[in-house]
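K.L.:
So that we are looking at the same thing, I have put the structure below in structure tokens.
The values are calculated or read from the model by the stated rules, or taken from the named source; none is laboratory data. Remember, predicted model here, so these are calculated numbers, not experimental data. Please note: Cβ atoms are built from the backbone with ideal geometry, for glycine as well, and neighbour counts cover all protein chains shown.
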Amino acid sequence: MVSVSDATTIIFDNLFRPEIRDVNVMDSTGRVLAETITADRDLPPFNRVSMDGIAIAYSQWVKGKRTFPIMAVQAAGEEPNKLSDDSLCFEVMTGAVLPAGCDTVVRYEDVEIKDSVATVMRDAVGQWQSVHVQGADARKDEKLLEPGQRLAPSEVALLSSVGKSMVRVFSYPRIAIVSTGDELIDIRDTPLPWQIRRSNSYALQSAVREMGGDATCFHLQDEKAAMTKSLHKILDDYDVLILSGGVSKGKFDFVPQVLEGIGIKKLFHQVSQRPGKPFWFGASGEGKVAFALPGNPVSTFMCFYRYVKPWIFKSLGTEYDHLSAILERDYLFAPPLTCFLQVTARNESGRVVARPFPGGGSGDFANLKNVTGFLELPLEKNEFKAGEVFPYISFRQ
């Protein structure tokens, strides 16, 4: 048996080597950037009006001028106009180019317009106010994003603004999710009293898709020869196997020996944790890996977010940092194991506070609907006091 820390180290020592591919920018959310992105021009590319109002020459304001005849209207998307006389002004719209000769915008709320003459009604006006100055955000050729950046909608906006319709990203591994067990039936079938519908595989597939990747689901019966044949074929076609079930001490728990039989070397089996103690991990000489997770739903769920998801992101060149949270009330856990406590976390005056919500054990997946993540309580102690801070593994975005 290995510790949680040792299991993490072993897993991270066996990273996947991703390929690089080009994807449409609209399909890049959740992916990890594989190229450096630079500004193709200044951002903003011109002095941009940021409030509807009038544009004036600040020098006239300094001289005491408060009324400005309106020369014309400068709309967004039009070529820039130019003041013919500093004593005049332009009406300007948000997003428009600031007319040449102007360096200050006064919003409509502070202006009275009558007979095409604008009178400024406030006492204080600052030069360049309500103007987004050219190059204030970035200069041409400045680095904006670097490899390893996880792309979110905010980065999609930035990529679009510099003309990146296609973007280079690290390719996710080909992931196969394999459930095992004769008691499991398809989601569309009606179970007999001794059967249950498959749920772990769909939860794992959904979790992978939430990251921006994809996975294919398979189900295998508890028959060693058939399992060996199927897993051998799956291993040929996929880079990563994520299995659920069949890794404990039961007579039909064939997964560990089958995996070793098809060339996956065991790197550890059993982790000093609850839930998820029977966790098995191995790798082949060709760089393929297998995460064999315990079949109890909460164990499967926790192991994915604690080990598999960080491994995928680290393989793609980025880090997946867990948060920290404050334990809301005392909690006791006697076994000499790392406890992954189900909690409901909330923001309280800038602090993440976690309320224990342990549920009915590792088979109680219905309890997951009530919680937001797991608090990682170290095995070195069994009394955990309110106010103490521990790593927090969130599974809700």
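K.L.:
How many residues, within the range 237-256, are at pLDDT 90 or above and more than 25 Å from residue 309 (Cβ to Cβ)?
P.N.:
The total comes to 0.
K.L.:
Got a number for residues in the range 310-325 being under 20 Å from residue 175 (Cα atoms), assigned to a loop (DSSP other than H, G, I, E, B) and either modelled with pLDDT of 90 or more or charged (D, E, K, R) (or both)? Walk me through how you get there before you give the answer.
P.N.:
Going residue by residue through the range 310-325, those that are under 20 Å from residue 175 (Cα atoms) are 310-320.
Add one more test, that the residue is assigned to a loop (DSSP other than H, G, I, E, B), and what stays is 316-320.
Then drop every residue that is not either modelled with pLDDT of 90 or more or charged (D, E, K, R) (or both), which leaves 316-319.
Residues flagged as under 20 Å from residue 175 (Cα atoms), assigned to a loop (DSSP other than H, G, I, E, B) and either modelled with pLDDT of 90 or more or charged (D, E, K, R) (or both) within the range 310-325 amount to 4.
K.L.:
Please work out which residue is farthest from residue 255 (Cα to Cα), limiting yourself to the range 177-233 and to residues that are basic (Lys, Arg) and more than 26 Å from the chain's Cα centre (by Cα).
P.N.:
Restricting attention to the range 177-233, the residues satisfying the condition of being basic (Lys, Arg) are 188, 197-198, 209, 224, 229, 233.
Pick out the ones that are also more than 26 Å from the chain's Cα centre (by Cα) and you get 188, 197-198, 224, 229, 233.
Working: 188: 26, 197: 20, 198: 18, 224: 8, 229: 12, 233: 15 Å.
In this case the residue turns out to be 188.
K.L.:
Being part of a helix (DSSP H, G or I) and touching a Ser or Thr at 6+ places or on another chain (Cβ under 9 Å) is the requirement here; does residue 307 meet it?
P.N.:
Working: part of a helix (DSSP H, G or I): yes; touching a Ser or Thr at 6+ places or on another chain (Cβ under 9 Å): yes.
Considered against the rule, which asks whether it is part of a helix (DSSP H, G or I) and touching a Ser or Thr at 6+ places or on another chain (Cβ under 9 Å), residue 307 comes out as yes.
K.L.:
Pick out the one residue from 174, 209, 197 that is over 30 Å from residue 38 (Cβ atoms) and modelled with pLDDT under 90.
P.N.:
197
K.L.:
Exactly one of these conditions fails for residue 380: (1) loosely packed, with under 15 Cβ neighbours inside 10 Å; (2) under 24 Å from the mean Cα position of the chain (by Cα). Give me its number.
P.N.:
Every condition holds for residue 380 apart from (2).
K.L.:
Return the residue satisfying two criteria in turn: it lies in the range 28-44 and is assigned to a loop (DSSP other than H, G, I, E, B) and modelled with pLDDT of 95 or more, and of such residues it is surrounded by the fewest Cβ atoms within 10 Å (Cβ to Cβ).
P.N.:
Top of the filtered list is 36.
K.L.:
Working only within the range 240-289, note down all residues that are small (Gly, Ala, Ser), surrounded by fewer than 17 Cβ atoms within 10 Å (Cβ to Cβ) and not in a loop (DSSP other than H, G, I, E, B).
P.N.:
Matches in the range 240-289: 261 only.
K.L.:
Take the range 290-302 and flag every residue that is surrounded by 24 or more Cβ atoms within 10 Å (Cβ to Cβ), touching a Pro at 6+ places or on another chain (Cβ under 8 Å) and part of a loop (DSSP other than H, G, I, E, B).
P.N.:
Residue satisfying the conditions is 294 alone.
K.L.:
OK, next. When you check residue 123 against the structure, is it closer than 19 Å to residue 59 by Cβ, among the charged types (D, E, K, R) and surrounded by fewer than 18 Cβ atoms within 10 Å (Cβ to Cβ), yes or no? Write out each step before concluding.
P.N.:
Numbers: closer than 19 Å to residue 59 by Cβ: yes; among the charged types (D, E, K, R): yes; surrounded by fewer than 18 Cβ atoms within 10 Å (Cβ to Cβ): yes.
For residue 123, the condition - closer than 19 Å to residue 59 by Cβ, among the charged types (D, E, K, R) and surrounded by fewer than 18 Cβ atoms within 10 Å (Cβ to Cβ) - is met.
K.L.:
Condition first: assigned to a helix (DSSP H, G or I) and either touching a strand residue (DSSP E or B) at 6+ places or on another chain (Cβ under 9 Å) or among the small types (Gly, Ala, Ser) (or both). Now tell me which residues in the range 207-239 satisfy that. Spell out how you get there, then give the answer.
P.N.:
Narrowing the range 207-239 to residues assigned to a helix (DSSP H, G or I): 207-210, 224-237.
Listed by number, the residues that qualify are 207, 208, 209, 225, 226, 227, 230, 231, 234, 235, 237.
Let's see how each residue does on (1) free of Cβ contacts under 8 Å to residues at least 12 places away in the same chain; (2) among the β-branched types (Val, Ile, Thr); (3) under 24 Å from residue 13 (Cβ atoms):
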site: 226; (1), (2), (3): yes, no, no
site: 231; (1), (2), (3): no, no, yes
site: 241; (1), (2), (3): no, no, yes
site: 254; (1), (2), (3): no, no, no
site: 264; (1), (2), (3): no, yes, yes
site: 270; (1), (2), (3): no, no, yes
site: 282; (1), (2), (3): no, no, yes
site: 285; (1), (2), (3): no, no, yes
site: 288; (1), (2), (3): no, no, yes
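K.L.:
Kindly list the number of the only condition in (1) touching a helix residue (DSSP H, G or I) at 6+ places or on another chain (Cβ under 8 Å); (2) of a type in the set (Asp, Glu); (3) touching a residue at least 40 places away in the same chain (Cβ under 8 Å) that fails for residue 42.
P.N.:
Failing condition for residue 42: (1).
K.L.:
Also: Hey, can you tell me all the residues within the range 61-109 that are among the hydroxyl-bearing types (Ser, Thr, Tyr) and either surrounded by 16 or more Cβ atoms within 10 Å (Cβ to Cβ) or under 16 Å from residue 131 (Cβ atoms) (or both)? Before you say what the answer is, go through the steps one by one.
P.N.:
Narrowing the range 61-109 to residues among the hydroxyl-bearing types (Ser, Thr, Tyr): 67, 84, 87, 94, 104, 108.
Those that are among the hydroxyl-bearing types (Ser, Thr, Tyr) and either surrounded by 16 or more Cβ atoms within 10 Å (Cβ to Cβ) or under 16 Å from residue 131 (Cβ atoms) (or both): 94, 104, 108.
K.L.:
Here's another thing I want to ask about it. Do we find a residue being under 26 Å from residue 248 (Cβ atoms), in a loop (DSSP other than H, G, I, E, B), aromatic (Phe, Trp, Tyr) and not assigned by TED's automatic domain parsing to the domain that holds residue 148 anywhere in the range 334-351?
P.N.:
So far as the range 334-351 goes, no, none of its residues is under 26 Å from residue 248 (Cβ atoms), in a loop (DSSP other than H, G, I, E, B), aromatic (Phe, Trp, Tyr) and not assigned by TED's automatic domain parsing to the domain that holds residue 148.
K.L.:
List the number of the failed condition for residue 234; all other conditions in (1) in contact with a Phe, Trp or Tyr (Cβ under 7 Å, 6 or more places away or on another chain); (2) of a type in the set (Val, Ile, Thr); (3) farther than 20 Å from residue 256 by Cβ hold.
P.N.:
(3)
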